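Handing you a structure now.
The values are calculated or read from the model by the stated rules, or taken from the named source; none is laboratory data. It should be emphasised that the depicted structure is a prediction, and the values quoted were computed from it without experimental measurement. Cβ placement follows ideal geometry from the backbone for every residue including glycine, while neighbour counts extend to all protein chains displayed. SASA here: full protein model, heavy atoms, side chains in, ligands and nucleic acids out. Shrake-Rupley method; radii C 1.70, N 1.55, O 1.52, S 1.80 Å.
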Amino acid sequence: MTTASDIARDNVDRPPRERILIVDDTPANLRLLKHILDEHGYSVHPASDGETALRFVQSTLPDLILLDVIMPAMDGYTVCDRLKADARTRDIPIIFISSADQELDKVKAFASGGVDYIVRPLQAEEVLARIKTHLALRHLRKGLEQRVLERTAELMERTAELLEANDKLRAENLERKQAEERILYMAHYDALTGLPNRVLFQDRVTQAIAQAHRNGGRLALLFIDLDYFKHINDSLGHQVGDRLLQLVADCLRQCLREGDSVARLGGDEFVVSLILLHAGDDAAWVAQKILASLDQPFVVANHELHVGGSIGIGLYPDDGDDVESLMRAADAAMYVAKENGRGCYRYFTPAINKRARQRLELGTRLRRAFAQDELALHYQPQVDMESGHIFSAEALLRWRQPGKGGPIPCGAFIEIAEETGLILPIGQWVLRQACQQLRLWHDAGHVAMRIAVNLSPRQFYQANFLASIKAILEETGLSPTMLDLEITEGVLLQRSEDNIATLKELGNMGIQLSVDDFGTGYSSLGYLQRFPVHALKIDQSFVRGIGSSPGDTALVTAIIAMAQSLHLKVLAEGVESLEQVHFLKAHGCLAAQGYYYSRAVAADILAGLLHEQEVSPTRCAWPGNGEMQREEEE
């Protein structure tokens, strides 16, 4: 028996007021069915014959039809044929009701388009269950169609073709088959470029490896990473970046031979599989062709764009016997190509494999070192060359490895930190430690002392970057004017609204912004004028060439003159000799750091230097340590 609670539960589970048309020439049957359906909240519309039913659907479309098979004038099969012939009504589910329980009657009902067949005498629970099932199927089908439409926005043309085809389909199973085919396409192809994705590519390469194994053949995988794509995407927007990726995909297709395959892995990474015919020479020939093609300018939205690419090559069976090992080999070789100047290709070698493993191991050790408090800060004095006084110090990261002697400079591991994302927590730790140490120096009486901290671009692009700076300054009680943040030229080149707003906010706070390693990147007078930059740091590679390299000497002179014309401070890094000091002072650079004054030292040693400076304020002579063994100062 159906209880009141069952009815209430059905009403909660079912969308309200589905419209059901009942077609039956027997009044008693109509009353019975109407009573059952009314009790369960359906909107019921009775029709005593086929003509009445057909007129009703012209103005009102029901969600489901209960159709008697045997009726005078027009039987249920004819009514069903008429409904299925009309595009507006053909998808309405029709449940036949009959006293006949013969197989031929049921077959005929289903052949005419019915979705179900109920035999009298009727059982209320059975009728309700079948109605609920077919209404749920109808809603499910409609929901599936809507989701497919929403998730294939970039395939509107194909979707339109699919909808047009669906209008011609009469059977539900064929309609579902079409939807499944579209979903399968989306699962195996990149929506932006139309290239195979990682899943399909791996399947194709697995088959190619199996065939090569049977035939004694060879394969090559080319891992392609676009150079400078991130700069374009960040500065000109994702719309331009997406269009560029589409043009690159077309370019790669044109570079391949018949039987080769190309896929997009994601971002600006592509991979190509080649069937080798002449040892490994085919791979080199295709790689050269791809590099030459990528070297040509791409025009997008009136912008002439130059990207180029770096390619790593892995060979089967030399470098691996499955897809994953070949991908790792080609990826590792690609990184070597980038490090060797970009715009080139490199084959995988055992040395590259060893280096990749070492980098993986170093990343694991670095993560453990950070967790176990093995990192420390050393501080290199920044000196006023006129007075010889220390006015600031640059905080430099060191790794104290147990049993390894002295601390390791960050140049040996900072790239790994960038790649793994560890640079974010490490950078936050460095900033907090440096500000806490400056607070201690101030409390000791060295109130004019400042601190300089290097920023990773990844730190700068964090959404909570400004908030974290303010929080650390508030924790330590430092004035923002005592903090000098050193940023790279690459950060200034990313002219997004967020970047500009962040730089201006830092300047408004009173924080000094210095461009680190100036001259080694994309130097531009334009960004120095647009952004609140306070100082330039001349890279030590140029300072070392003073007096010995005419090019470096001229470049240092030009940087100092440019800074003075823009009313910017200038500081020389890597000063190691008295000759360099005299040259820099003569040309107007009055601040420096380097071994001539002091290497980076622990906080207590620098505190001693500051104390000695306070005791002997006239001291201006430094011992000079230019002949000491150099170490990389980051």
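Restricting to segment 563-587, give me the number of residues that are touching a residue at least 12 places away in the same chain (Cβ under 8 Å) and out of contact with any strand residue (DSSP E or B) (no Cβ under 8 Å at 6 or more places or on another chain).
Of the residues in that region, 9 qualify.
Only residues that are open to solvent by less than 10 Å² (accessible area, probe 1.4 Å) and under 22 Å from the mean Cα position of the chain (by Cα): list them for segment 309-332, please.
Of everything in segment 309-332, those that are open to solvent by less than 10 Å² (accessible area, probe 1.4 Å) and under 22 Å from the mean Cα position of the chain (by Cα) turn out to be 309, 310, 311, 312, 330.
Could you tell me how many of the residues in segment 213-241 are exposed (fewer than 14 other Cβ atoms within 10 Å of the Cβ) and either closer than 20 Å to residue 313 by Cα or at pLDDT 85 or above (or both)? Full working, then the answer.
Just the residues of segment 213-241 that are exposed (fewer than 14 other Cβ atoms within 10 Å of the Cβ), to begin with: 213-216, 237-239.
Filter once more, keeping what is either closer than 20 Å to residue 313 by Cα or at pLDDT 85 or above (or both): 213-216, 239.
Here the count works out to 5.
Here is a yes/no grid of residues against (1) open to solvent by less than 10 Å² (accessible area, probe 1.4 Å); (2) free of Cβ contacts under 8 Å to residues at least 40 places away in the same chain:
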| position | (1), (2) |
| --- | --- |
| 419 | no, no |
| 432 | no, no |
| 439 | no, yes |
| 443 | no, yes |
| 452 | yes, no |
| 459 | no, yes |
| 481 | no, yes |
| 487 | yes, yes |
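Hey, can you tell me all the residues within segment 195-220 that are in contact with a Lys or Arg (Cβ under 9 Å, 6 or more places away or on another chain) and outside any helix (DSSP H, G or I)?
195, 196, 197
Report, ordered by the first and then the second residue, all pairs with beta carbons closer than 9 Å, sequence separation of six or more or different chains, a first member in segment 166-182 that is assigned to a helix (DSSP H, G or I), and a second member that is surrounded by fewer than 12 Cβ atoms within 10 Å (Cβ to Cβ) and modelled with pLDDT of 75 or more.
If the second residue must be surrounded by fewer than 12 Cβ atoms within 10 Å (Cβ to Cβ) and modelled with pLDDT of 75 or more, the pairs left are 167/87.
When segment 109-126 is examined, which residues are found to be of a type in the set (A, V, I, L, M) and either touching a Phe, Trp or Tyr at 6+ places or on another chain (Cβ under 8 Å) or buried (at least 19 other Cβ atoms within 10 Å of the Cβ) (or both)?
Selection gives 109, 115, 118.
Now for a separate question. Any idea how many residues of segment 532-570 are touching a helix residue (DSSP H, G or I) at 6+ places or on another chain (Cβ under 6 Å), open to solvent by 20 Å² or more (accessible area, probe 1.4 Å) and over 16 Å from residue 489 (Cβ atoms)?
2
Please tell me if residue 37 is of a type outside the set (D, E, K, R) and over 13 Å from residue 19 (Cα atoms).
no
Also: Please state which of the following conditions residue 298 fails to meet, knowing it meets all the rest: (1) open to solvent by 50 Å² or more (accessible area, probe 1.4 Å); (2) in contact with a His (Cβ under 9 Å, 6 or more places away or on another chain); (3) of a type in the set (Phe, Trp, Tyr).
Every listed condition holds for residue 298 apart from (1).
If a residue has to be under 59 Å from the mean Cα position of the chain (by Cα) and either closer than 23 Å to residue 33 by Cα or free of Cβ contacts under 8 Å to residues at least 40 places away in the same chain (or both) to count, how many in segment 69-89 make the cut? Give the steps one after another, and end with the answer.
Narrowing segment 69-89 to residues under 59 Å from the mean Cα position of the chain (by Cα): 76-89.
With the extra rule that they be either closer than 23 Å to residue 33 by Cα or free of Cβ contacts under 8 Å to residues at least 40 places away in the same chain (or both), the set shrinks to 76-83, 85-86, 88-89.
Qualifying residue count, segment 69-89: 12.
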